[in-house]
1. Arranged from highest to lowest average of other beta-carbon atoms within 10 Å per residue, in what order do the peptides 245-251, 334-340 appear?
2. Place the peptides 74-81, 147-154 in order of packing, highest mean first, counting for every residue the other Cβ atoms within 10 Å and averaging per peptide.
3. Check SER88: other-chain or 5+ apart residues with amide H under 5 Å from its amide H, H built from backbone geometry?
4. Taking only protein heavy atoms into account and a 1.4 Å probe, give the accessible area per residue of the stretch 232-318 in Å².
5. Starting from the 7 Å offset along Cα-to-Cβ, what nm value, one decimal, do you get for the label separation of LYS508 and LEU78?
6. Show the residues, 5+ positions off or on another chain, whose built amide H is closer than 5 Å to the amide H of SER356.
7. Can you work out the PRE-style zone for SER88? Point 7 Å along Cα to Cβ, and I want the residues of the stretch 117-155 with backbone N under 18 Å.
8. For LYS56, which aspartates and glutamates qualify as cross-link partners when the Cα separation must be under 16 Å and same-chain residues fewer than eight apart are set aside?
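The values are calculated or read from the model by the stated rules, or taken from the named source; none is laboratory data. Here the structure is a predicted model, which means the values were calculated and not measured. When we count neighbours, we look across all protein chains shown, and the Cβ atoms used for this are built from the backbone with ideal geometry, even at glycine. The accessibility values were calculated without ligands, DNA or RNA, using every heavy atom of the protein model including side chains. Shrake-Rupley method; radii C 1.70, N 1.55, O 1.52, S 1.80 Å.
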Amino acid sequence: MAFAARSLVLLASLLTASNALNDWSKPCLEGSCSYDLPDADGHAASGSIKIWSNNKSIITDITQAADWEILECSPDKLAQDIRIVCKSDDSEKCNHLFDGGAEGKVVRLPENCGQNAFGRIGRAWISEDQTVPQDIARRLVRRAGAPPQVRGLTIDTDFAAGDPNKGEVNFSLQGANFQGAKGDIDVEQSIDVRRRDLASNIEVAKKSLDVTKNVLGKRIKISQSKTFEPLVVSKQKNLVNQKVSCPGRSATLTVDANGKAEVIVTIGVVASGNIFPPKFKEFALTTTVDGEINSSIDLKASFSGTLDSGKIPIVPPTNVPGLSFPGILTIGPALKIDGQAVATLDVNVDVNIGVSYKIDNVQAIFPPKNGDKVGTFSIGDTPLKVSASPNVAARGEIQAHIIPALILGIDAIGGRAKADAFINLDASAHAVLTLNANAEASASINTTSIKKRAGPARIAGRQVQTTASANFGGCFDIFAQLDVNAGVEGSLFGLFDASQDINLFTKKFDLFKKCFGNQARSLSGLLMERHVYTALGSHRRMSKISRTLAHLEGRALGCPKAGVTDTQSVVDSPNAAAAVQ
């Protein structure tokens, strides 16, 4: 898989950041506090968050820097009761916790206490359990021979339950799903500016990375030991298997899909707003996808009628490394592949077509806007085989879709708001065909002798020899298409249009066009008029050839016409896209 440095699109401001925000030696007692996601092994993501308030007492601290010792706290929970003890009852740092009342404050937690860096104090009390481990007791300062009291706190991320009378707590954050994104945050810089930086500094960001490829390991290595493993998903699945009993035989329709994708996904985010009252005021999420889609569709039909399978899962959602500031913002990406088959036929036909694309630096920024920058796409090896019954007047249209989708689940302020951002890459193959009676036809590439030529066909710019009797009439038009769409589901505090869906890229790749016999002049021009229909809801303009198929649409599956014989080869190419630009 040929990845390039531009597969890793970062926020320019994050790439240049090198100074950590968080300082565990200094307490957060002056109305602001910062936290960096850890650099330790096993933490793929990185980033920084800063919180602040005009009320200096509303943000407090229970780390050792604020003279507190943690006696009991789970590292794996977002909501829990904990026990703490102050090093000395007369510590001004400890007393900050109770200035104006502890309940309702936002508190910085030590690294190994809770999943979250910041929590809300829901309740405070003097613990009934006053036991203190000996190693901690030796560090405590006794007053009149008595040790400091052990306190109990209820910690959670229910920031909506905060006391509005205490004032607002603001936040600003930046992060990515790889190391190198932490750094100082300019709280005066608007998200609009940071979003523009996202787009305008992409090239700078790419050039700032020292990227090499390890071919054997199929991984990207970046300076400072940053490593990206491609996500590989692959599965074969039957999309349609229908059978209709007919006199003397059965009419069948089977569609099998082989879905495979190998991708690298990077994400970066900037956001700002209030922890309480909970509100995201500004938000920009960028994601970049590089990789390959190598899939195929195999359709065998001997029926008359119309069928639409609808979207059918081929590969279920598979998690991609994400990014989380627990309790404030979590972005959980997942990759899935759906398939869909749409067929309107009145003829026996067998079609096997590869759906293969290379994806280079496909970018999307959310909320999406028309005109957002997108990467490049190129069609890969596209095996193509088509066989059809040669001796019946019939028409048909086939669409086969392989639809990889990247879903970015967004959870904000402890689940207070949720949204899903997505990129859909609808890779499809389309075939439109008409046949007249008394026909015998076959086509091949670089094969044996030709009996009687009806004229040259072309596959991706190469001449293809075809054979047909003088009375044969018919047309074949086969093409591939890629449609890339980005959108959101959900509003995220009103920042997103809940049903926004924007097309980022659409391109058609002609694979095979040929009209035989007396249809060569009458329909070849009409085939050029057809407009693409996609499973993602793109509109469809009816050309004359499409209108001839309209009478078939909506008709239930039925038996084929009398006299239909076995199929004969029309196209057999190992790579129909060899010359597609």
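1. Output ranking for 245-251, 334-340: 334-340, 245-251.
2. Top of the packing list down: 147-154, 74-81.
3. Here VAL141 satisfy the definition.
4. 36
5. 4.8
6. SER295, GLY380
7. Label zone hits: 136-150.
8. Output for LYS56: GLU30, GLU92, ASP99, GLU103, ASP163, GLU168.
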